[in-house]
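Below: the structure, in structure tokens.
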Amino acid sequence: MSALEIVKYPEKVLRKKCKPVSKITKKEQDFFDQMLFTMRYFQGIGLAAPQIGIPEKLIVVEFEGSIIKLANPEVIQVDGADIMIEGCLSFPDEVAVSVKRPTEAIMRGLDENNRPIEIKAKGILARVLQHEIDHLSGKLIIDYLPFWEKLKFKLKAGR
């Protein structure tokens, strides 16, 4: 298996609202495996389908030995708040942004076997899952920047 290409900002697919997946088939299972391989190759801990050019609601996360493959994930409950520095494989030059997110979250979606699943996550895992779910609605870490910093970033990127 070879790594897929990571789409870089300002590519338009990163801003698209992704389509839900109607059913997990062998095609999606294979795609999850390609996403996981690509994420590991580029030393990430999470990856969303639009980051490899596919505007579908699919994410993979690997954290502390656990692999999560989710279709149509959504956050259904949150609690707490914390600010941490986040990076993203879709940004060249290792952009780092302080992002305020809930410290606990409950997410639901479909697992790789097309079964409904609910995940209760805390700390870093909750943050990573929320980051990847943001990608599915076209939201990026730079959207958390203050207005003037966001404007400078967009001007630098030619947008």
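With 23 Å as the limit on Cα-Cα distance, the pairs of K26/K69; K19/K154; K12/K156; K27/K122 that go past it are K19/K154; K27/K122.
Each label was represented as a point 7 Å from its Cα along the Cα-to-Cβ direction; for K154 and S98 these points are 2.2 nm apart. Each Lys and Arg adds +1 at its Cβ and each Asp and Glu adds -1 at its Cβ; summed about the Cα centre, the chain shows a dipole of about 640 debye.
Three principal axis extents of region 60-122 based on alpha-carbon atoms, in descending order, are 37, 27, 22 Å.
Whole number please: convex hull volume per residue, Cα atoms of region 23-103, in Å³.
115
For the chain, the percent of C-alpha pairs falling in each 10 Å distance bin, counted from 0 to the bin holding the largest distance, reads 11, 42, 36, 11, 1.
Across the chain, C-alpha contacts under 8 Å between residues 6 or more apart give a mean separation that, scaled by the residue count, equals a relative contact order of 25 percent. The angle between the Cα long axis of helix 147-156 and the main principal axis of the chain comes to about 90°, on a 0 to 90 degree scale.
Across every pair of non-identical alpha carbons in region 68-159, the mean reciprocal distance, once inverted, gives a Kirkwood radius of 14.3 Å. Over the chain, dividing the summed -39,500 (n - 2.57) contributions of all DSSP H runs of at least 4 residues by the number of residues returns a 222 nm mean residue ellipticity of -8000 deg cm²/dmol. Normalised size of region 105-155, defined as Cα radius of gyration per 2.2 N^0.38 Å with N residues, equals 1.50. The loop-placed GluC sites (Glu not before Pro) in region 47-108, going by DSSP, that have at most 10 neighbouring Cβ atoms within 10 Å of their Cβ come out as E64.
Laboratory data are not the source of any read-out in this text; all were calculated from the coordinates shown. The structure presented is a predicted model; accordingly, all values stated were derived computationally and were not measured. Cβ sites come from the backbone with ideal geometry, for glycine too, and all protein chains shown count toward neighbours.
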